[in-house]
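Chemist: Before I ask anything, here is the structure I am working with.
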Amino acid sequence: IWDPKTERLHGLNASGRSPVNRSYDDLIAALDGADSIPPLGHLPVTVPGTVDGWFEMHTKFGRLPMSDILAPAITYATDGFPVSPVIAYYFDRAERSFKRRQDMIQEFANAQETYFEPAAPKAGEVFRNPDLANTLSLIASQGRDAFYHGAIANTIDAYMRRIGGDLRAEDFARHESEWVEPGCVPYRDVELC
């Protein structure tokens, strides 16, 4: 984030960590002989850091209330929006990709119901996501703790337990973003960071 007042670049690592109760040996055993973490399923899932990242940036640089910032997204998730051709293309592509690799996914019914019921939205169709609207509304009214210490973390914990995943509410409660010094190098007449 470039701060024009101080003419300083700030870096924020909001990346979520791996589940605390998953050891390296547990991961290797779960891979069942594979040489890499699969791209789908519960094994590549880490603590979602985005919400904390929003609040860290807002605390340092924000002026508007978070409820005002999230209001447009909540409205789109509640009332829906007409799907553009490019988004329809990616919805369709995602649906085909997930179905082709469904054996990697421990549970697909939730995604199916949210994004692909009865099929991926076509261009011009109105797409709504009431669950996302509810999540964003909780975050807007109760702050980051609604996500990392409340019902949302507990819901994700219960879901992960049901599908055999390792992510727990404890992992959410421990999450903290970290302000870092961006890595920069000179390139011709500019600095790349």
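The values are calculated or read from the model by the stated rules, or taken from the named source; none is laboratory data. What you see is a predicted model; the values in this text were computed from it and never measured. Using ideal geometry, Cβ is built from the backbone for each residue, glycine included, and neighbour counts are taken over all protein chains shown. Accessible surface is based on the protein model in full, side chains and every heavy atom, while ligands, DNA and RNA are left aside. Shrake-Rupley method; radii C 1.70, N 1.55, O 1.52, S 1.80 Å.
Chemist: What's the FRET efficiency of Tyr187 with Ala73 using the Cβ-Cβ distance as r and R₀ = 30 Å, to the nearest 0.05?
Modeler: 0.25
Chemist: Still on this model: Just the number, please: carbon plus sulfur as a percent of the accessible area of the chain, 1.4 Å probe, no ligands or DNA/RNA counted.
Modeler: Answer for the chain is 54 percent, counting heavy atoms of protein chains only.
Chemist: Now a separate question. Take the Cα atoms of the stretch 30-133, find their three principal axes, and give me the spread along each one in whole Å, biggest first.
Modeler: 50, 35, 21
Chemist: Another question about this same structure. Explain nothing, just the number: dipole magnitude of the chain about its Cα centre with +1 on each Lys and Arg Cβ and -1 on each Asp and Glu Cβ, in debye rounded to the nearest 20.
Modeler: For the chain, the charge dipole is close to 340 debye.
Chemist: At q = 0.18 Å⁻¹, what is the base-10 log of I(q)/I(0) for the stretch 109-193 according to the Debye formula with one equal point scatterer per Cα and no solvent? Please give it to two decimals.
Modeler: -0.90
Chemist: Can you give me the C-alpha center-to-center distance between the stretch 7-72 and the stretch 120-153, rounded to a whole angstrom?
Modeler: 17
Chemist: All other residues with a Cβ under 14 Å from the Cβ of Ala109 taken together, and with Lys, Arg as +1 and Asp, Glu as -1, what is their net charge?
Modeler: Net charge around Ala109: -3.
Chemist: Using only the Cα atoms, work out Rg/Rh for the chain, with Rh taken as the Kirkwood radius, to two decimals.
Modeler: For the chain, the value is 1.00.
Chemist: Can I ask one more? Could you name the lysines whose alpha carbon sits less than 27 Å from that of Lys99, not counting residues in the same chain fewer than 8 places away?
Modeler: Lys122
Chemist: Would you rank Lys5, Lys60 by solvent-accessible area, highest first, keeping every protein chain in place and using a 1.4 Å probe?
Modeler: Ranked list, largest accessible area first: Lys5, Lys60.
Chemist: In straight Cα distance, which lysines are under 25 Å from Lys60, not counting same-chain residues fewer than 8 positions off?
Modeler: Lys5
Chemist: Where in the chain are the DSSP H helices whose C-alpha atoms run 15 Å or more along the long axis and whose mean Kyte hydropathy is at least 0.5?
Modeler: 66-79
Chemist: Could you give the length gained by full extension between Asn134 and Val180, i.e. 0.36 nm per residue of separation minus their alpha carbon distance, to one decimal place?
Modeler: 13.4 nm
Chemist: For Ala173, what is the net charge nearby, where nearby means another residue's Cβ is under 11 Å from its Cβ and Lys, Arg count +1, Asp, Glu -1?
Modeler: So the environment of Ala173 carries a net charge of -3.
Chemist: Still on this structure, please answer the following. For labels at Thr155 and Tyr24 in the simple 7 Å Cα→Cβ model, what's the distance in nm?
Modeler: Between Thr155 and Tyr24, the label points sit 3.7 nm apart.
Chemist: Which net charge results when you count Lys and Arg as +1 and Asp and Glu as -1 among the other residues whose beta-carbon is under 15 Å from that of Ala14?
Modeler: -1
Chemist: So how much slack lies between Lys99 and Leu9, counting 0.36 nm per residue of separation and subtracting their Cα-Cα distance, in nm?
Modeler: In short, 28.2 nm is gained.
Chemist: Right, something else. Using the heavy atoms of the protein chains alone and a 1.4 angstrom probe, what is the accessible area of the stretch 53-180 per residue in square angstrom?
Modeler: Result: 61 Å² of accessible area for each residue.
Chemist: Based solely on its DSSP helices, what 222 nm [θ] is calculated for the chain when runs of n ≥ 4 H residues each add -39,500 (n - 2.57) and the sum is averaged over all residues, nearest 500 deg cm²/dmol?
Modeler: One gets -14500 deg cm²/dmol as the mean residue ellipticity at 222 nm.
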